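S.K.: Please find one structure pasted underneath; my questions will follow.
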Amino acid sequence: MFRIEAEVDKERCDLLRSRLRDTNSVASPVLAALRGTPAERELPLHVWALDDAGGLVGGLVGHTWTTWLHVTYLWVDERHRGAGLGSRLLALAERLARADRGCRGARLETWDFQAPEFYRRHGYKVVCAIPDYPPGITEYTLIKPLG
């Protein structure tokens, strides 16, 4: 007999994620051959742009996992857009991922009203488009080889 629950539980979520990654590592020769545990292979990668007073004017939040950089967030304050700051943040994250962590690729998701053209200009290619996610908006998944 099983009890089924629907509730937010961070501890259970972390446990499930860990168990799924362990299962995946055993099932995949590629993942199993990588050094360290799955949790050790996922490392945060953050790049920040600060003004002279230390205020946040831009940043990139992501992580590296196996041989990939995953860009989760890239944001530049409206006052500083168009001056190349986003390009500098992205380039530094890619360089750190490649040089320090051996990443061979980068991936990210963006919506059609955000920055798909920005990423295309930086060598990213759309590999997936999900229309109406959310309604009226298209979400794109883009990848780029880092070499």
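S.K.: Kindly indicate whether Val57 is assigned to a strand (DSSP E or B), in the same structural domain as Ile130 (by TED's automatic domain parsing) and surrounded by fewer than 19 Cβ atoms within 10 Å (Cβ to Cβ).
M.R.: yes
S.K.: Could you please give the count of residues in the range 60-103 that are among the polar types (S, T, N, Q) and in a helix (DSSP H, G or I)?
M.R.: Final tally of qualifying residues: 1.
S.K.: I'd like to know if the range 118-138 contains one or more residues that are buried (at least 19 other Cβ atoms within 10 Å of the Cβ), in a strand (DSSP E or B) and not small (Gly, Ala, Ser).
M.R.: No, the conditions are met nowhere in the range 118-138.
S.K.: I've got another one for you. For Ser25, only one of the following conditions fails: (1) outside any strand (DSSP E or B); (2) assigned by TED's automatic domain parsing to the domain that holds Pro134; (3) crowded, with 16+ Cβ neighbours inside 10 Å; (4) not basic (Lys, Arg). What is its number?
M.R.: So Ser25 meets the others, but not (2).
S.K.: Out of curiosity, is Thr67 of a type in the set (Val, Ile, Thr), modelled with pLDDT under 95 and either assigned by TED's automatic domain parsing to the domain that holds Trp111 or closer than 27 Å to Tyr140 by Cβ (or both)?
M.R.: So Thr67 passes the test.
The values are calculated or read from the model by the stated rules, or taken from the named source; none is laboratory data. Every value quoted in this text rests on a predicted model; they were computed, and no experiment measured them. Quick reminder, even Gly has a Cβ in these numbers, built from the backbone with ideal geometry, and neighbours come from all protein chains shown.
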